[in-house]
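The values are calculated or read from the model by the stated rules, or taken from the named source; none is laboratory data. Quick caveat, the model's predicted, so the values are computed rather than measured. As a convention, Cβ positions derive from the backbone with ideal geometry for all residues, glycine included, and neighbour counts pool all protein chains shown. Ligands, DNA and RNA are stripped out before the accessible areas are found, and what is left, the full protein with its side chains, is counted by its heavy atoms. Shrake-Rupley method; radii C 1.70, N 1.55, O 1.52, S 1.80 Å.
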Amino acid sequence: MPEIFKSPAFVIAGRDLGESDRLITFYTMDRGKTRGIAKGAKKSKHRFVNALEPFTLLNLSLALPRTTGLSRIDSAETLDSFSSLRGKIDYYIMASLCCELVDLWTREGDPQRDLFELLRSYFRSLKEGLPARKATLFFETLLLSLVGYAPNLDSCLRCKRPPKDDHVAFKIHAGGFICKKCQKKGEDAHRITLGALKSLKYIQNRKFNNLHRLSITDAAFEEAWSFIHDLHCHYLQRVPASYKVVDTITSKTYSKK
Ligand SMILES: [Zn+2]
């Protein structure tokens, strides 16, 4: 008998494998990112019903390989399908983006309980109908902290003083900002206003359930939004595919938040 691994898990990605199988990527509570083959899932929808749809929270049971190779999904019992996230295009796109970021930022078998809980809080907030882009900004900012790339928004890299002018120059490669006084002429940096900086600091220091308390102007939101995207792209050294979708869709269809 193969060894069985059981854990609550979120479906974060999936693709076809051969003619009849699917390869599913999960973020599990106990082992972090894990992949498993769903045998026959492409041919017969009955076996796993809808448990392997993106964003589903399930009780996963995986048969681990005896030596090398991929695990096989033994059973998948749905705990919460988060089906409303698949019914609205903006929720679907934003939730897909967050799943892709988790996939890109994590390695297999490196569990982070806080990251599992962050996914849970995020999906719940969308299910409750909170604004998708605002929830996503929260998620992306808190994710950067969890993976150890939180930007330093507290003090200037040079004079170590807190920001006080209307804007600062953020040095992405250094992970911090230079205040107006310390900036050299023609210095290349990402300009960020104090409003956006303070909103991001608010997010960094709080839990997800403070989302509704964040009051932010549309302009500061847009700034914070593109700044956080730039940080993810820079540190991941690539542009996640979902960002391209998000950019085209948000500029056409959606209001600010
Ligand atoms: Zn300074």
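Some points to look at:
- Of everything in the range 170-198 that is in a strand (DSSP E or B) and aliphatic (A, V, I, L, M), the residue that is nearest to residue 230 (Cα to Cα) is 192.
- Whichever residue in the range 164-179 is more than 29 Å from residue 236 (Cβ to Cβ) and within 10 Å of the ligand (Cβ to nearest atom) and, among such residues, is least open to solvent (accessible area, probe 1.4 Å): 165
- In the range 180-197 there is at least one residue that is in the same structural domain as residue 100 (by TED's automatic domain parsing), open to solvent by less than 20 Å² (accessible area, probe 1.4 Å) and touching an Asp or Glu at 6+ places or on another chain (Cβ under 6 Å).
- The set of residues in the range 199-215 that are touching a residue at least 24 places away in the same chain (Cβ under 8 Å) and either open to solvent by less than 40 Å² (accessible area, probe 1.4 Å) or in a helix (DSSP H, G or I) (or both) comprises 199, 200, 201, 203, 204, 208, 209, 211, 212, 214.
- Filter pass, residue 114 being part of a helix (DSSP H, G or I), at pLDDT 95 or above and open to solvent by 70 Å² or more (accessible area, probe 1.4 Å): yes
- Candidate set: the range 50-95, residues that are out of contact with any Leu (no Cβ under 9 Å at 6 or more places or on another chain) and in contact (Cβ under 8 Å) with a residue 60 or more places away in the chain; chosen: the one farthest from residue 236 (Cα to Cα): 66
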